[in-house]
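Everything below concerns the one structure shown next.
Derivation of every value follows stated rules applied to the coordinates shown; laboratory data play no part. Keep in mind that what you see is a predicted model, and the values were worked out from it rather than measured. No Cβ is skipped: glycine too gets one built from the backbone with ideal geometry, and neighbour counts run over all protein chains shown.
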Amino acid sequence: MVRFLVLYNKPQDTEEFERHYREVHIPLARKLPGLRRYTISRGTAPVRGEDPYYLVAELDWDDMAALQQAFRSPEGQAAAQDVPTFATGGVQSMVFELEEV
């Protein structure tokens with residue numbers, strides 16, 4: 001399994017972020033081919049470091065090839081192009097393989 005982790009900083013307008021994220025971005029992202037799981041987390045609290053992230057999204061695929069195919073798809077391109085329209089506080093993302101131990 002592989003995970004795409006998205007870390008959203010606090011947006012300039014939280015109400016507009018919430019509206020757009022729920023009404024536009026989530027429906028776009030849920031169309032990504034091969035998507036197995038999509039969760040969001042709120043109320044993050046830093047253990048060390050600076051301000052917490054406003055919202056954390058985790059999206060899972062079976063393997064790296066499936067994730068890459070999803071990102072290259074028209075749905076993946078649409079979701080990627082949507083991010084700058086609402087993530088006004090900035091965003092960081094990363095991809096990694098999961099291993100249960």
Problem set entry | Reported label for calculated Rg/Rh (Cα atoms, Kirkwood Rh) given [x] 1.09; [y] 0.97; [z] 0.94 | [y]
Problem set entry | Net dipole in debye of the chain [+1 Lys, Arg Cβ; -1 Asp, Glu Cβ; about Cα centre; nearest 20] | 140 debye
Exercise. What FRET efficiency would be calculated for the residue pair LEU98, GLN69, taking the C-beta separation as r and a Förster radius of 22 Å, to the nearest 0.05?
Worked result: 0.75
For this session: Lys and Arg at +1, Asp and Glu at -1: add these up for the other residues within a Cβ distance under 14 Å of GLU75 and post the number.
Result: +2
Seminar exercise, completed: Expressed in nanometres to one decimal, the distance between label points 7 Å along Cα→Cβ at GLU16 and ARG36 is 3.7 nm
Exercise. Which length gain, in nm to one decimal place, applies between GLU50 and ILE26 when the Cα-Cα distance is subtracted from 0.36 nm times their residue separation?
Worked result: 5.9 nm
For this session: Only Cα pairs under 8 Å and at least 6 apart count here; give the relative contact order of the chain as a rounded whole percent.
Result: 50 percent
Seminar exercise, completed: If exposed means GluC sites (Glu not before Pro) lying in a DSSP loop and surrounded by at most 16 other beta carbons within 10 Å, then the longest stretch of the chain lacking such sites spans residues 1-49
Seminar exercise, completed: Here the net charge surrounding VAL2, from other residues whose Cβ is less than 9 Å away from its Cβ (Lys, Arg +1; Asp, Glu -1), is -3
